[in-house]
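Accompanying notes for the structure given below.
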Amino acid sequence: MASDSIISLLLPDELITEILLRLPIKSLSKFMCVSKSWLQLISSPAFVKNHIKLTANGKGYIYHRLIFRNTNDDFKFCPLPALFTKQQLIEELYHIDSPIERTTLSTHIVGSVNGLICVAHVRQREAYIWNPTITKSKELPKSTSNLCSDGIKCGFGYDESRDDYKVVFIDYPIRHRTVVNIYSLRTNSWTTLHDQLQGIFLLNLHGRFVNGKLYWTSSTCINNYKVCNITSFDLADGTWESLELPSCGKDNSYINVGVVGSDLSLLYTCQRGAATSDVWIMKHSGVNVSWTKLFTIKYPQNIKIHRCAAPAFTFSIHIHHGEILLVLGSAIMIYDGSTRQLKHTFHVNQCEIYVESLVNPLKISDQGHRNQESPQSSHS
């Protein structure tokens with residue numbers, strides 16, 4: 001292999017950077033060993049962010065992965081393109097080591113953003129922010145607030161204004177009272193807020209992250225699972241907001257919140273046992289927000305349990321080369337984009353789609369710690 005100095009003589013630095021940005025993580029990991037200058041370039045925050053932007057869009061679809069718990073409770077992953085082409089999921093499965101020593105049914109994949117995955121064992125008050133691609137993980141410190149084991153809602157997302165990743169746990173220790181615990185990776189610390197939600201009860205277990213906010217379906221009664229609104233939490237300013245539902249639902253409708261690509265979406269099922277669900281997508285036009293019906297999903301006769309999932313389940317839809325991938329509950333369904341007819345189905349435990357990235361949770365936490373210490377050190 002030619003040295004980086006020889007390559008620099010042949011190509012300008014800007015072109016070298018553009019070439020490296022389009023390479024997969026496996027190749028970049030090797031090129032980081034070429035020289036100190038390439039190591040500094042590839043590991044720089046600017047390079048990491050630009051690489052995410054390229055791999056997260058449609059052109060970088062080959063870098064998307066599906067991660068889930070196997071029947072033995074260990075983690076497996078599969079390249080996302082393989083789901084569209086393979087009839088058997090087992091043909092493309094790969095084992096991946098989890099930061100949690102012993103995963104159980106109580107181990108949850110809270111969410112994923114920019115290649116980082118939040119994995120939590122709520123009963124043991126154990127949680128990690130984990131990049132499975134580069135096998136780096138950060139264990140969250142224990143929160144000073146005691147959480148109940150039942151009824152906790154959680155979410156994981158990215159605060160772009162502070163370049164920070166945050167984990168949110170919402171607990172209802174007493175009826176009509178809430179405790180909100182927010183973890184910041186950059187400061188490696190928790191913030192606890194009390195009574196943030198007055199008369200609002202979140203339904204889905206895991207909030208869906210879209211454009212700086214976490215979204216839950218919500219009800220006005222703790223024992224009522226009828227969806228009344230969509231409730232969001234802004235990770236930047238810590239505020240809660242409510243969104244009205246599209247004017248298409250009936251009193252007996254079943255509603256799930258999710259994402260289509262990078263947009264907030266709703267899955268409407270008119271009644272129990274219905275053979276179809278409508279997919280609605282939220283669009284922003286300036287300060288105005290509107291809902292638009294995107295298409296209708298048809299369910300096969302043999303998947304009755306997934307025809308109307310409880311509001312606790314969220315979903316995600318990915319469209320690739322005209323085909324539609326729907327992840328709902330424990331089912332992964334591949335549809336023909338033109339006919340909306342099911343092509344094949346896989347059944348797994350809780351799963352999440354993530355993108356390969358170079359984001360190192362340990363570096364973010366260390367940088368935040370150094371930034372906190374720098375004013376003191378300069379003063380002394």
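Please treat every number below as a calculation from the coordinates, not as lab data. Treat the numbers as computed from the prediction; the structure is a model and nothing was measured. Neighbour counts run over all protein chains shown; Cβ positions are idealised from the backbone, glycine included.
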Open item on the list: Report the Cα-based extents of the stretch 147-221 along its three principal axes, largest first, to the nearest Å.
Closed with: 35, 23, 20
Open item on the list: Using a 10 Å cut-off around each Cβ, can you sort 37, 189, 253 from fewest to most neighbouring Cβ atoms?
Closed with: 37, 189, 253
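Taking a quarter of the surface of the Cα convex hull of the stretch 151-277, what do you get in nm²?
Numbers: hull surface 32.9 nm².
Across all orientations, the stretch 151-277 yields a mean hull projection of 8.2 nm².
How would you order 229-236, 79-86 from highest to lowest mean count of nearby Cβ atoms within 10 Å? Let's see the in-between values first.
Working: 229-236: 20.2, 79-86: 17.2.
Packing order, densest peptide first, comes out as 229-236, 79-86.
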Task: Most to least packed among 352-360, 260-268, 239-247 [average Cβ atoms within 10 Å] - done: 352-360, 260-268, 239-247
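If packing is taken as the average number of other Cβ atoms within 10 Å across a peptide's residues, how do 322-334, 287-299 rank, most packed first?
The most tightly packed comes first, giving 322-334, 287-299.
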TODO: Could you sort out which of 136/343; 293/363; 53/293; 30/153 sit more than 31 Å apart by Cα distance in this structure?
DONE: 136/343; 293/363; 30/153
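Residue 95 to residue 293: extension gain in nm, 0.36 nm per residue of separation minus the Cα-Cα distance?
Details: separation 198, 0.36 × 198 = 71.28 nm, distance 3.83 nm.
Answer, rounded to one decimal: 67.5 nm.
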Task: Separation in nanometres of the label points that stand 7 Å from Cα toward Cβ, at residue 13 and residue 239 - done: 4.2 nm
TODO: Could you run the Karplus curve 6.51 cos²θ - 1.76 cosθ + 1.60 with θ = phi - 60° over the stretch 19-25 and give me ³J(HN,Hα) per residue in whole Hz, x for Gly and Pro?
DONE: 5, 5, 4, 9, 9, x, 4
